[in-house]
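The values are calculated or read from the model by the stated rules, or taken from the named source; none is laboratory data. Since the model is a prediction, treat every value here as computed from it, not as a measurement. All Cβ positions, glycine included, derive from the backbone under ideal geometry; neighbour counts span all protein chains shown. Areas reflect the complete protein model, heavy atoms only, side chains present, ligands, DNA and RNA absent. Shrake-Rupley method; radii C 1.70, N 1.55, O 1.52, S 1.80 Å.
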Amino acid sequence: MLKWLIPSRYAPSVLALDPSGLVADGIRGLILDLDNTMVAWNAPGPTEPVRQWVGRVRDMGVRMCIVSNNFSSRTQAIGRALNVPVVAAAVKPIPWGFRRAMALMGTQAQSTALIGDQVFTDILGGNLLGVRTILVEPLSTQEFPTTRLIRRLERLVRARVVQLATRRQ
Ligand SMILES: [Mg+2]
């Protein structure tokens with residue numbers, strides 16, 4: 001079970017990921033989690049550094065798609081603000097939303113990486129699909145009540161999977 005929860009890589013945040021390094025690793029498409037990965041939970045829009053990071057990724061020729069379990073109009077608005085397509089109400093870790101994202105980006109599993117802050121939705125889902133998975137720290141401690149339940153479970157394994165991922169790097 002644990003092996004499905006270990007990310008390929010760990011980074012403190014998306015801003016710590018060098019876009020040219022992703023390209024050097026063969027990544028041509030990025031599946032991005034929204035809440036607490038690209039924006040703090042319930043924040044109305046992305047910060048300037050995140051906008052700039054998305055711009056740098058785009059300039060490197062890497063496609064992006066936001067995949068979120070959230071389905072609010074805010075989710076779509078943030079996608080528009082970043083000029084990145086959104087697959088909402090994705091029911092992660094079930095892989096259909098990630099598959100839809102790869103279809104939109106025109107990438108295969110081996111050239112796709114997923115960035116997310118949750119082990120049991122983002123990392124598990126990405127590993128099941130066979131894309132590279134990058135775990136980041138959540139941008140805020142606020143989140144949905146349902147997420148808080150999953151977080152309790154996650155706390156049991158998170159330190160261990162981060163340690164194993166860091167050892168791989
Ligand atoms: Mg998240």
Under the Karplus relation with 6.51, -1.76 and 1.60 and θ = phi - 60°, whole-Hz ³J(HN,Hα) for the stretch 133-140, x at Gly and Pro, equal 10, 10, 8, 10, 6, x, 6, 8
Please list 43-53, 159-169 highest first by mean number of surrounding beta-carbon atoms within 10 Å per residue.
43-53, 159-169
Neighbours of Gly116 by Cβ distance under 10 Å: Lys/Arg at +1, Asp/Glu at -1, summed charge -3
Give the residues of the stretch 5-29 whose amide nitrogen is closer than 16 Å to a point set 7 Å from the Cα of Arg51 in the direction of its Cβ.
none
Leaving out ligands and nucleic acids, note down the accessible area per residue over the chain with a 1.4 angstrom probe, in whole Å².
48
Please report, as a whole percent, how much of the solvent-accessible surface of the chain comes from carbon and sulfur atoms (probe radius 1.4 Å).
57
Between Ser73 and Leu164, the FRET efficiency computed from the C-beta separation at R0 = 25 Å comes out, to the nearest 0.05, as 0.05
Between the stretch 60-77 and the stretch 91-118, what is the C-alpha centre distance in whole Å?
11
Could you give me the ³J(HN,Hα) list for the stretch 53-61, computed from phi with Karplus coefficients 6.51, -1.76, 1.60 and θ = phi - 60°, whole Hz, x at Gly and Pro?
4, 4, x, 5, 4, 4, 4, 7, x
